[in-house]
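This report concerns only the one structure given below.
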Amino acid sequence: MTTSGASLQPDRSLPPRRLADGTALIDLDPWLEPQRPALQRRHQLFLEARRALVDALAPGRSLAEVARGHELFGFTRGHDAGGRSGVWYREWAPGATRLALVGDFNFWDRHTHVLTRDDFGVWSVFVPDDGPSKLVHDSRVKVHVVHASGAADRIPAYVRRVTFDADGTNAAGRFWMPPAFEWRSPRPARPDAPRIYEAHTGMSLEEPRVATFDEFRRLLLPRVVRAGYNAVQLMAVQEHPYYGSFGYHVSNFFAVSSRFGTPDDFKRLVDDAHAQGLAIYLDLVHSHSVKNTVEGLNGFDGTDFQYFHAGARGQHPAWDSLLFDYSKAEVLRFLLSNVRYWLEEYNLDGFRFDGVTSMLYLDHGLGRAFSSYDDYFNQNVDDDALIYLKLANQVAREVHPGVVTISEDMSGMPGMARPVDEGGVGFDFRLAMGIPDYWIKVLKERRDEDWSMGELFHTLTNRRSREAHIAYAESHDQALVGDKTIAFWLMDALMYTHMSTTTPSLGVDRGIALHKLIRLLTFTLGGEGWLNFMGNEFGHPEWIDFPREGNAYSFQYCRRQWSLADNPLLRYRDLGAFDRALMELDRRFRLLAAAPARLMQADELGKCLVYERANLVFAVNLNPTHSRTDWRVGVPSQAPGASPLPGGMPFTIALNTDDSAFGGHGLVRGEGGGTPRFPVQPVAWDGFAHSVQIYVPARSAQVLIPAR
């Protein structure tokens, strides 16, 4: 086999072959050739695991049928052997010696509704509708579990609603079986390119308190629509006992957080979002679970190995949480059913899988550089977790073919966002997690006068070919207390004193100009989708600090100050307007769905970049002091959308970061103060047969399109 670089480049226009052994990834990336045996082994393990799981839990049927655990376990309506109607309660607890259903319905008597165990550790009891004790909708329920180590009242594993006392203690499951919800709006069409608004329901109000699903539905969804996004990614929906965990220490996987409302409240939110054309993605946490025994799964049947790995392997060293044992059939049924449940019960459109890197590696990727392909194909990879992710993606697609799944993986595992039958993990997108790290590093360590144009372009475009990425300049991680948002890195304390249009500041001018340029560059170069955390689009001035003992349980920094963005006298409004223009650029020209950008110019001395994507030309002047006059840039002979251009058609500006509508100086104007038009000249430049000459002020950028 030759090692020539030229011969190793595949034809990117052709789809990879569907090879039965899971090695089609090599068609996309010939450098994976040495890993062919590992890919074959990995695919064979997946096929064997899927077959064994179906044979054990849904013989003769499909993987999607395995994912119906929520229709068997927990509370389900049915009949007993005598034909009486009522409610079955089932629980998997192989290590327990006795289970009894208790609650308001039987006055918490541990002797009236004792469960029966089968040979597989599944316990069950039937509560008839005509019995002396009848389950009432939204009444409190628990299960009394007796095991070798003792006994405790626990919350059923598949419970669909959990509530807490006003002080956040004394959790209880709820028997949740309301009338069928009437969906009014169909799911929106799957977007070619998601423009995702990442949001947290509880902190979505300006008032210093916990917001509800209903308030988010009424107040935030219209704001997201006006901002031009087509999807909302909701954090912290699955029930979690500690508010400050940002929803990542889940206790009850089938329950929506009662802090924000009822399951039906959440359904109304989803339904209204669909009516407004918004997809709803859920932050799905299957990478770990909270340690709590009162609210969660920890030690449910008296063992430490029911749902989780026993001993040290079951403990996450950095997150203080428990790690699922993905090799067990009932654990797989629990998690795969959770995937199906959220898609079907709540009509969701997709998932962002949290903590994928932690799942994939036995050392959770902690402190690992991932500098070699060998790092992805060695004994450190958790085969069971990898197989679970493939199974989860397959279930999601079988249940809802239009689903969107996104992987939060910082390791760069090859094939993460490629189909399972190619040997991939099956996600549609992977988060471009290196980009925000790059921006923070640059802002912390370098003056903008010292930014490298080549490094910047390379970093923003350096991603695995034919694997779609969600780009973002910053997310909730950069907004948390202890870190800084991009706006804060750029303007710092000036944000408290000089963001008014009546208090000019060169420091704020610089910060606003660079904030727009950073988002423009990341949006147009960084991926095939986009993500923004709520408030970052207008440079929200404060970090996020959840109520805790250290801040006297204050909500001061656990909210979003929308009034700043709405005030015409404050410059936050300008940043919000620019973000809307970015979203509109994609809506008009399908920019994010286009092939990656092509570099045309990288001027290190002048601090300028020119590149083309979707037949749009981007001229970016990052120089802090020098404007570019009569700057010649090449222009394509095809209009956006690949339609031929009439001869001699001039070019104009589709987006100008220096526009006064975006808080710029408005220095580029055409005749009469309108949008300028640039005559096309028959001068070959930048690989094109024609070019134009333009004026781009310092710290600004223009997007060029044919004038109509």
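The values are calculated or read from the model by the stated rules, or taken from the named source; none is laboratory data. Note that the structure is a prediction, hence the values are computed from the model and not measured. FYI the Cβ positions are ideal-geometry reconstructions off the backbone, even for glycines, and counts take in every protein chain you see. Just the protein is used for accessible areas: all its heavy atoms, side chains included, with ligands, DNA and RNA removed. Shrake-Rupley method; radii C 1.70, N 1.55, O 1.52, S 1.80 Å.
List the GluC sites (Glu not before Pro) within region 163-239 that fall in a DSSP loop (any state other than H, G, I, E or B) and whose Cβ has at most 16 other Cβ atoms within 10 Å.
Loop-located and lightly packed - Glu182, Glu206.
Hey, how many Å between the Cα centroid of region 282-321 and the Cα centroid of region 512-584?
If you average the Cα positions of each part, the centres end up 34 Å apart.
If you wrap region 71-146's Cα atoms in a convex hull and average its projection over all directions, what's the area in nm²?
For region 71-146, averaging the hull's shadow over all directions gives 5.0 nm².
Roughly how tilted is helix 36-57, in degrees to the nearest 10 and between 0 and 90, from the longest Cα axis of the chain?
Approximately 40 degrees, to the nearest 10.
Express in % the proportion of alpha carbon pairs of region 120-198 at distances exceeding 22 Å.
Of all Cα-Cα distances in region 120-198, 52 percent exceed 22 Å.
If the reach is capped at under 17 angstrom between alpha carbons, list the aspartates and glutamates near Lys134, excluding any in the same chain fewer than eight residues apart.
Straight-line reach from Lys134, under 17 Å: Asp80, Asp104, Asp109.
So, in Å, what gap is there between the alpha-carbon centers of region 369-388 and region 199-224?
39 Å
Between Ala275 and Asp383, how many nm apart are label points set 7 Å from Cα along the C-beta direction?
Each label point is offset 7 Å from its Cα along the Cβ direction, giving 5.1 nm.
In degrees between 0 and 90, to the nearest 10, how far off the longest principal axis of the chain does helix 572-589 point, with axes built from Cα atoms?
90 degrees
No solvent, one uniform scatterer per C-alpha: report log10 I(q)/I(0) for region 41-184 via the Debye equation at q = 0.11, 0.16, 0.20 1/Å, two decimals.
-0.51, -0.95, -1.25
Nearest 0.05, what FRET efficiency do Asp264 and Trp108 give at R0 = 30 Å with Cβ-Cβ as r?
It comes to 0.70.
Plugging the Kirkwood radius over Cα pairs into Stokes-Einstein for the chain, at a temperature of 4 °C and a viscosity of 1.567 mPa s, what D comes out in µm²/s?
Taking Rh from Cα pairs, D becomes 47 µm²/s.
FRET efficiency for Asp192 and Arg117, Cβ-Cβ distance as r, R0 = 60 Å, nearest 0.05?
Given R0 = 60 Å and the Cβ-Cβ separation, E is 0.70.
Using the Cα atoms of region 550-708 to build a convex hull, what is its mean projected area in square nanometres?
13.0 nm²
Going by the alpha-carbon gyration tensor, a ≥ b ≥ c the square roots of its eigenvalues, is region 300-403 rounded (a/c under 1.5) or, if a/c is not under 1.5, prolate (a/b greater than b/c) versus oblate?
oblate
Counting only protein heavy atoms and a 1.4 Å probe, tell me what percentage of the chain's accessible area is made up of carbon and sulfur.
Looking at the chain in its full context, I get 52 percent from C and S.
Residue separation times 0.36 nm, minus the C-alpha to C-alpha distance between Arg677 and Tyr553: what's the value?
Here the answer is 39.0 nm.
When a/c reaches 1.5 or more, the comparison of a/b and b/c decides; with that in mind, is region 476-559 rounded, prolate or oblate per its Cα gyration tensor?
Taking the square roots of the gyration eigenvalues as a ≥ b ≥ c, region 476-559 is oblate.
Calculate the spin-label point distance for Val481 paired with Gln40, positioning each point 7 Å from the Cα along the beta-carbon direction, and give it in nanometres.
Roughly 5.6 nm, to one decimal.
Roughly what % of DSSP beta bridges within the chain run antiparallel, to the nearest 5?
Around 70 percent antiparallel, to the nearest 5.
Find how many whole Å separate the alpha carbon centroid of region 607-633 from the alpha carbon centroid of region 96-167.
Cα centroid to Cα centroid, the span is 67 Å.
Rg and Dmax in Å for region 386-445, alpha carbons only: what are they?
That works out to 14.2, 47 Å for Rg and Dmax.
Can you return the lysines within cross-link range of Lys328? Criterion is Cα-Cα under 21 Å, with same-chain partners fewer than 8 residues away left out.
Partners found: Lys291, Lys390.
From the phi angles alone, apply the Karplus equation (6.51, -1.76, 1.60; θ = phi - 60°) to region 258-272 and give each ³J(HN,Hα) in whole Hz, x where the residue is Gly or Pro.
5, 4, 9, x, 8, x, 5, 4, 5, 5, 5, 4, 4, 4, 5
Quickly rank 48-57, 331-340, 160-169 as a protection proxy: mean count of other C-beta atoms within 10 Å, highest first.
Highest mean packing first, the order is 331-340, 48-57, 160-169.
Figure the gain on full extension for Ala312 and Arg708 (residue separation times 0.36 nm, minus the Cα-Cα span) and round it to one decimal in nm.
Going from the current span to full extension adds 136.0 nm.
Once every DSSP H run of n ≥ 4 in the chain is given -39500 (n - 2.57) and the sum is divided by its residues, what mean residue ellipticity at 222 nm do you get, rounded to the nearest 500 deg cm²/dmol?
-7000 deg cm²/dmol
Spin-label point model (7 Å from Cα, Cβ direction): what's the Glu33 to Ser505 distance in nm?
Spacing of the two 7 Å Cα→Cβ label points: 5.8 nm.
Could you provide, to the nearest whole Å², the per residue accessible area of the chain with probe 1.4 Å?
Dividing the accessible area of the chain by its residue count gives 38 Å².
Full-extension gain between Phe305 and Arg218, please, as 0.36 nm times their residue separation minus the C-alpha to C-alpha distance.
Length gained between Phe305 and Arg218: 27.0 nm.
Helix 434-445: angle to the longest alpha-carbon principal axis of the chain, degrees 0 to 90, nearest 10?
That works out to roughly 60 degrees.
What are the lysines whose alpha-carbon lies under 16 Å from the alpha-carbon of Lys444, with same-chain residues fewer than 8 places away excluded?
Straight-distance partners of Lys444: Lys484.
Relative to the compact globular guide of 2.2 N^0.38 Å, what is the alpha carbon radius of gyration of region 349-396, as a ratio?
Relative to the 2.2 N^0.38 Å estimate, region 349-396 comes out at 1.24.
Between Ser62 and Trp183, how high is the FRET efficiency from 1/(1 + (r/R0)^6) when r is the Cβ-Cβ distance and R₀ = 25 Å? Nearest 0.05.
0.50
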